[in-house]
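FYI, it's all coordinate maths here, none of it is from the lab. Predicted, not measured: the structure shown is a model, and the values here were computed from it. A quick note on method: Cβ atoms are made from the backbone with ideal geometry, for glycine too, and the neighbour counts reach across all protein chains shown.
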Amino acid sequence: MSLLFKNISLPLAPFTLEVDVEVQGRITAIFGPSGAGKTSLLDLVAGLRSAKSAFIELDGRVLTDTVQRISVPPRQRGIGYVPQDLALFPHLSVRQNLLYGHKSGGNTNRLFTFERIVELLEIQSLVQRGVTQLSGGEKQRVALARALLTSPRLLLLDEPLASLDTQLKTKILPYLTRVRDEFRVPMLYVTHDRFETLSLADEMVVLVSGKVAQTGTVQKVFSRPMNLVVAGIVAVETVQPGRIVKTENDLVTVSIGSALLTAIDQNLPPGADEVHVCIRAEDVILFKDSDTPGSPRNRLPSVVQAVTRAGPLMRIDLECGFPLVALLTRQACEELALQPGVCAVALVKAPHVHLIPH
Amino acid sequence: MSIEEWQIVWFTAWVSALSTIIILPFGLGAAWMLARYDWPGKSVVETFISLPLVMPPVATGLILLKLLGRRGAVGGFLHNNFEFDIVFTWRGVLIALGIMSFPLFVRSARVAFEEINPRLEQIARTLGAGNFRVLCTITLPLASRGIVGGMLLAFARALGEFGATIMVAGNIPGQTSTLSLAIFQSVQLGQDANAFRLLGVSVVLAFAAVWWSEWLMRHRKH
């Protein structure tokens, strides 16, 4: 899949949405805080909104070109859209909702049959019901199935899990993974949740106040946020001010709080002594004690401050000369008997210490 | 009730129903334009449509009389070219009723259109539906209760219309005499018994129409 945005300019209330980007991932997360223009971007792709200027091309086919005055109507774009409020038709039954786009397409080479989609998303038992009798998670699956039944070339999902509680989220996520793996429909996935992004997407576009702040693979953006704004948005748990004290043999020593950390030299601009130190919580390893030699460069004696649930994982707040956050599985947390006041040693590999010039 | 009285009831009912059906397409168009689009002069048109609701009906009737009479702009043209008369015929009654009930229908239909989540229509388009299919399968069904409710209100308004009708159509027995006109005339002539019988019929008709309309409004939410 190749989706090209050029010269997008759409004035929104506090800012103008301006995007120039090419998206090629199987699932691309449009990541950003609420009000960043993410939904407006999806509306432009679907053809539901017109921009002041825009050029949008999907797999070589021009969908919108304000210069040439081209705008393919939404119904001919072959793009499935699941909006945030799902927009299930309240006066129609689940079956009628599902078949709404199935009938009118008329193309014979359907990838997706009614039976297969209904089975995959486990909505067989709901088909005869009215839309208003469905629970949140059921509505979500019906809306997804309805969009899939049009055999879309691209699927737009607008915060599909945002309205669901954590427990339900973890139930719906596997359905999205199934859709990704079974149907191989490329998706643009609007979200501000890193768990969803990490578990589904391969590429991401970070959108802040209508501008693209960073693009790249999910791993790259999450582990190497380009600047502080992106670091804050992708929610790298530990972002602390530090000072470079030594650069030697491609290794950088940073003083942070009362601790010293080793990072690898990331071609920081010369003279940049003041940095922000970013460490993702997943990259922190905890040991009860660490007398055995090991490869991680950073060994930080710490005291547990708090233990809280974070989705399927546990979040451990540590004090090791500066506040550090670790994410562990519940089992690991229980084995180490972690609770406030307990001592532990935090290990962080040098490449996982990311420095952003201040 | 006498045959003449039944004729009056029958005439009033069908001319009210016909006027409601005639204003339906125009009312839907106006409600749609007011609900969905912003255009220059919208507030003027909006006010103009509502005028018959707030002006004395007799004043509206007088304007219609001047316009549609043989010496009026529209009436004169029709009379001279087609020998077609409106004033003091049943057609005059029809037009007076239509004009007087139009704003009630437009208001109700407009609210119905405004209440529809525009996302539903947009998503229908992404599912492959063209404008006409969206209108028939999404917009009109979702607005249907408001539209039907508006029609019943318009019908009920037409049943009781007096001022504009008497100006445009007079009160010609067997031709333009409606329930309200006949009640007024009976009272004028001191035939109270006749007046009360017609009164009873109009109460039943109006009650049924408004009650049905209210019922539809209450059950609007699906």
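Taking just the C-alpha trace of the range A:1-146, give me its Rg and Dmax in Å.
Computed over the Cα atoms of the range A:1-146, radius of gyration and Dmax are 17.2, 49 Å.
Can you give me the relative contact order of the range B:1-131 as a percent, contacts being Cα pairs under 8 Å and 6 or more apart?
Averaging sequence separation for qualifying contacts and normalising by length gives 35 percent for the range B:1-131.
Take the cross-link list A:LYS211/A:LYS246; A:LYS52/A:LYS169; A:LYS38/A:LYS171; A:LYS6/A:LYS220; A:LYS38/A:LYS139; A:LYS169/A:LYS220 and give me the ones stretching past 30 Å between alpha-carbons.
Listed pairs above 30 Å: A:LYS211/A:LYS246; A:LYS52/A:LYS169.
On average, how many beta carbons from a partner chain sit within 10 Å of the beta carbon of a residue in A:157-165?
Mean shielding by partner chains, rounded to a whole number: 0.
Quick one: Karplus J couplings for the range A:92-101, per residue in order, coefficients 6.51, -1.76, 1.60, θ = phi - 60°, nearest Hz, x for Gly and Pro?
Each residue's phi maps through the Karplus curve to give 10, 6, 4, 4, 5, 4, 4, 8, 4, x Hz.
If contacts are Cα pairs under 8 angstrom and at least 6 residues apart, what is the relative contact order of the range B:59-124 in percent?
18
To the nearest 20 debye, what charge dipole does the range A:1-106 have about its Cα centre, counting +1 at the Cβ of each Lys and Arg and -1 at the Cβ of each Asp and Glu?
380
Ranked by Cβ crowding within 10 angstrom, fewest neighbours first, how are A:ASP317, A:ASP85, A:ASP273 ordered?
In order of increasing Cβ crowding within 10 Å: A:ASP273, A:ASP85, A:ASP317.
Could you size up the charge dipole of the protein assembly as shown around its Cα centre, putting +1 on the beta carbon of Lys and Arg and -1 on that of Asp and Glu, and report it in debye to the nearest 20?
So the magnitude is around 1280 debye.
How would you order B:203-215, A:231-243 from highest to lowest mean count of nearby Cβ atoms within 10 Å?
Result, highest mean Cβ count within 10 Å first: A:231-243, B:203-215.
From the alpha carbon gyration tensor of the range A:78-222, can you work out the equivalent ellipsoid semi-axes (sqrt of 5 times each eigenvalue) and give them in Å, largest to smallest?
27, 17, 14
I'd like to know which of A:ALA13, B:PHE102, A:LEU99 lies farthest towards the positive end of the charge dipole of the protein assembly as shown, counting +1 on Cβ of Lys and Arg and -1 on Cβ of Asp and Glu.
It is B:PHE102.
For the range A:188-204, what does the Karplus curve 6.51 cos²θ - 1.76 cosθ + 1.60, with θ = phi - 60°, yield as ³J(HN,Hα) per residue in whole Hz, taken in order and with x for Gly and Pro?
With coefficients 6.51, -1.76 and 1.60, one gets 9, 10, 7, 7, 10, 10, 6, 4, 4, 4, 5, 8, 10, 7, 10, 10, 8 Hz.
Quick check on the exposure proxy: order B:LYS42, A:LYS169 from fewest to most C-beta atoms within 10 angstrom.
B:LYS42, A:LYS169
Between B:PHE196 and A:ASP59, how many nm apart are label points set 7 Å from Cα along the C-beta direction?
Going by the 7 Å Cα→Cβ label model, 8.1 nm.
Is there a quick way to get the dipole size of chain B? I mean about its Cα centre, with the Cβ of Lys and Arg at +1 and of Asp and Glu at -1; what is the value in debye to the nearest 20?
Computed charge dipole of chain B: roughly 660 debye.
Please list, in chain and number order, the residues 5+ apart from A:LEU207 or on another chain whose amide H is under 5 Å from its amide H, with Hs placed from the backbone.
Those qualifying (amide H under 5 Å, at least 5 residues apart or on another chain) are A:PHE31, A:GLY32, A:ALA213.
Which log10 I(q)/I(0) values, to two decimals, does chain B give at q = 0.08, 0.10, 0.15 Å⁻¹ under the Debye formula with one point per Cα?
Summing over Cα pairs of chain B leads to -0.35, -0.53, -1.01.
Using a simple spin-label model with points 7 Å from Cα along the Cα→Cβ vector, what separation in nm is obtained for B:VAL210 and B:VAL54?
About 2.2 nm, to one decimal.
Name the residue from A:LEU355, B:SER43, A:GLN214 whose Cα lies farthest towards the positive end of the charge dipole of the protein assembly as shown, charges +1 on Cβ of Lys and Arg and -1 on Cβ of Asp and Glu.
B:SER43
Could you tell me the distance between the Cα centroids of the range A:265-287 and the range B:118-145, to the nearest Å?
53
Divide, for the range A:1-79, the radius of gyration over alpha carbons by 2.2 N^0.38 Å, where N is the residue count.
It is 1.04.
Determine how many Å³ per residue the convex hull of the Cα atoms of the range A:183-307 encloses.
Residue-normalised Cα hull volume stands at 178 Å³.
Peptide A:66-78: average number of partner chain Cβ atoms within 10 Å per residue?
Mean inter-chain Cβ contacts per residue within 10 Å come to 2.
Among A:LEU148, A:GLY37, B:GLY69, whose Cα lies farthest out toward the positive end of the dipole of the protein assembly as shown, if unit charges sit on the beta carbon of Lys, Arg (+1) and Asp, Glu (-1)?
Of A:LEU148, A:GLY37, B:GLY69, it is B:GLY69.
Expressed in nm², what is the orientationally averaged projection area of the convex hull enclosing the Cα positions of chain A?
So the mean shadow area of the Cα hull is 21.5 nm².
Normalised by the residues of chain A, what does the relative contact order come to in percent, with Cα pairs under 8 Å and at least six apart?
16
Let me know the mean shielding of A:80-88 by other chains, meaning the per-residue number of their Cβ atoms within 10 Å of its Cβ.
Rounded to a whole number, the mean comes out at 4.
Mind checking the full-extension length gain between A:GLN133 and A:SER163? Use 0.36 nm per residue of separation minus the Cα-Cα distance, one decimal, nm.
9.1 nm
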